[in-house]
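The values are calculated or read from the model by the stated rules, or taken from the named source; none is laboratory data. A quick note: this is a predicted structure, and the numbers were derived from the prediction, not measured. FYI the Cβ positions are ideal-geometry reconstructions off the backbone, even for glycines, and counts take in every protein chain you see.
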Amino acid sequence: MSLKHFNNYLIKKGQNDVLNKVPSNPWDDMPSNKSEALAELHSLHVRLGDLQQRFFVDRRKKLLFVLQGMDTSGKNGTIKNVFRGVNPQGVHVASFDKPSTREINHDYLWRVHKRAPSSGEIMIFDRSHYEDVLAVRVNNLKPEEVWKKRYRHINDFEQLLVDENTIIVKFFLHIDQDTQKQRLQERLDTPAKNWKFDPSDIVARSKWDEYFKAYEDVFAKTSHSHAPWYIIPANKKWARNLLVARIVVATMEDLKLSYPKVNYDPSKVEID
């Protein structure tokens, strides 16, 4: 399946750019039930495993997937369920939480750039450089005159990566407030999930509209054909995982990957 099949999920001017108007439940092109979705996801795992191996030995390109979303939107769950079965030698995850003292003493892109993928590597960003125009903005950590310049920095940074043979695909995991409330309550009610709850989640929830406005500005200023944003309806975890897996596989299938040709005839090699 080609990436063109997912154009409806692209964020661009006049399409999916007003978040409150975009449904966060599965759209009509998704399976009607969870069991059907899981069966397809299993098939995609097999396909992704093969594509990832081809990508790793091909080494012409680098691949960066960026995951952003409100608290409980399922960034970690998406990574766990979509990239199941791939070779960990060629797939890595970088998480960008509150910067350390050392990181603060550098420019804000320093810690991000050093985690950019190398040739043949798939890198997944769990949060990313976009926190520096999202959380920084909403929580007034820097004055507007500082963070406003960062849209240009980010565009230039991503263009640099693309010019150096990096493919960038960015996902916004879209949930509504009712779903977030349910998931936060589940973290409180389930002892095994208590560790996931952070009081700061409640503070961030109280700034929901501010975050949505910040995201809309991000999409307006940083969604380009060479580094697109996709909106992923994420109220249903199974639908979220399947859609991301479809786009990941389609991205790699569009590369027409094959194993490198060898300079010998395997049929003529004899092993004693």
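Here is how the numbers come out for the structure above:
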item: In the stretch 8-38, residue nearest to the chain's Cα centre (by Cα) [restricted to those that are surrounded by 12 or more Cβ atoms within 10 Å (Cβ to Cβ) and part of a helix (DSSP H, G or I)]; result: Tyr9
item: Given (1) in a helix (DSSP H, G or I); (2) modelled with pLDDT under 95, number of the condition Asp97 does not satisfy; result: (1)
item: Tally of residues being of a type in the set (A, V, I, L, M, F, W, C), modelled with pLDDT under 95 and in a loop (DSSP other than H, G, I, E, B) across the stretch 198-241; result: 0
item: Test set (1) under 18 Å from the mean Cα position of the chain (by Cα); (2) closer than 26 Å to Lys21 by Cα; (3) among the hydrophobic types (A, V, I, L, M, F, W, C) - Ile167 fails condition number; result: (2)
item: Checklist (1) surrounded by fewer than 17 Cβ atoms within 10 Å (Cβ to Cβ); (2) farther than 18 Å from Leu161 by Cα; (3) modelled with pLDDT under 95 applied to Val86, failing item; result: (1)
item: Every pair of residues 6+ apart whose Cβ atoms lie under 8 Å, when the first sits in the stretch 208-231 and is farther than 22 Å from Val248 by Cα while the second is surrounded by 15 or more Cβ atoms within 10 Å (Cβ to Cβ) and among the acidic types (Asp, Glu); result: Glu216/Asp17; Ala220/Asp17
item: Some residue of the stretch 254-272 being part of a helix (DSSP H, G or I) and either under 14 Å from Ile175 (Cβ atoms) or hydrophobic (A, V, I, L, M, F, W, C) (or both); result: no
item: Of all residues in the stretch 161-182 being in a helix (DSSP H, G or I) and out of contact with any helix residue (DSSP H, G or I) (no Cβ under 9 Å at 6 or more places or on another chain), the one that is nearest to Gln68 (Cα to Cα); result: Thr179
item: Failed condition for Asn263, given (1) of a type outside the set (A, V, I, L, M, F, W, C); (2) more than 27 Å from Gly120 (Cβ to Cβ); (3) free of Cβ contacts under 8 Å to residues at least 12 places away in the same chain; result: (2)
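Matching residues to (1) over 19 Å from Leu257 (Cβ atoms); (2) part of a loop (DSSP other than H, G, I, E, B); (3) more than 13 Å from the chain's Cα centre (by Cα):
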site: Gln52; (1), (2), (3): no, no, yes
site: Leu64; (1), (2), (3): no, no, no
site: Gln68; (1), (2), (3): yes, no, no
site: Ile79; (1), (2), (3): yes, no, no
site: Arg84; (1), (2), (3): yes, yes, yes
site: Val93; (1), (2), (3): yes, no, no
site: Asp107; (1), (2), (3): yes, yes, yes
site: Arg115; (1), (2), (3): yes, yes, yes
